[in-house]
1. Sequence gap at least 6, Cα distance under 8 Å: using those rules, report the relative contact order of the stretch 48-188 to the nearest whole percent.
2. Within 10 Å, count the other beta carbons around each residue, average over each peptide in 94-105, 150-161, and list them highest first.
3. Calculate I(q)/I(0) for the stretch 18-214 by the Debye formula, one identical point scatterer on each C-alpha and no solvent, and give its log10 at q = 0.09, 0.14 Å⁻¹ to two decimals.
4. What pairs from Lys74/Lys97; Lys96/Lys147; Lys74/Lys96; Lys64/Lys97; Lys96/Lys202; Lys64/Lys202 go past 22 Å between their alpha carbons?
5. How far apart, in nanometres, would the label points at Gln62 and Lys74 be if each is projected 7 angstrom from Cα along the Cα-to-Cβ direction?
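Each value in this text was obtained by applying a stated rule to the coordinates, not by laboratory testing. Predicted model, so just to flag it, every value in this text is computed and none were measured. Don't worry about glycine lacking a Cβ; one is built from the backbone with ideal geometry, like all the others, and counts go over all protein chains shown.
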Amino acid sequence: MKKFSSQTGASVVEVLIVVAVLAILTTVALVSYTSTRKYSADEQARKIIDVFDEARQKALNQRKTFRVEINRTKSELRLIDEGSNATTANDDTILKKFQISSLVVVGSAPPNVTGAPTATTPINVPSYASSTYPLSNGEEKITLRFKRNGQVVDAGTDNVGTGSVMNGATIYVYSRTPSVNSPDVIRAVTVLGTTGDTSLYKCTFTAGSCGNWSR
């Protein structure tokens, strides 16, 4: 009988090796996940700035209004030519759009932000509102319109921007985590209403709160 018996179970050494391998794999996975979220926030923030800068340059060069919409309903960023006729919305044309990553949230500040990126002169944080423009009618979006004179204005009161006022913006871009109240990667994009100039800020955390910003 001894000849055909076999040893069952695992030795202590084998168990320790398995535990060590699992620990290493878990650590690598967590580092990779954190890096991916950080990269996504950076990438999305830079894309938003690129579109803002393009809208500004086109408005100044072509002497007409270009609109940027951050569409929450469709998770899209759009660059739109409002056309040469300021009294109709039927000539609006989408020039560029890209999908916003599902790994990030774009819009207002998360709860753990305790200080604005421009502390001396905080720039307005726009809210999502239902669109009246034909290309996004009824969808939730943030609207920035870049004018030929360099100013940035809001959506106005109708589908051609009647009653729009000069209004810069601070757009927060942060990692989507299981605890949405405490993202650990936060970026902020600012646009000056007077000139259309843009800046990208990165947050430095203290005890889990975001109050210090740097470019």
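1. Relative contact order comes out at 25 percent.
2. Working: 94-105: 16.0, 150-161: 18.4.
Highest mean packing first, the order is 150-161, 94-105.
3. Cα-only, vacuum Debye calculation for the stretch 18-214: -0.37, -0.79.
4. Among Lys74/Lys97; Lys96/Lys147; Lys74/Lys96; Lys64/Lys97; Lys96/Lys202; Lys64/Lys202, the Cα-Cα distance tops 22 Å for Lys96/Lys202; Lys64/Lys202.
5. Modelled inter-label distance: 1.8 nm.
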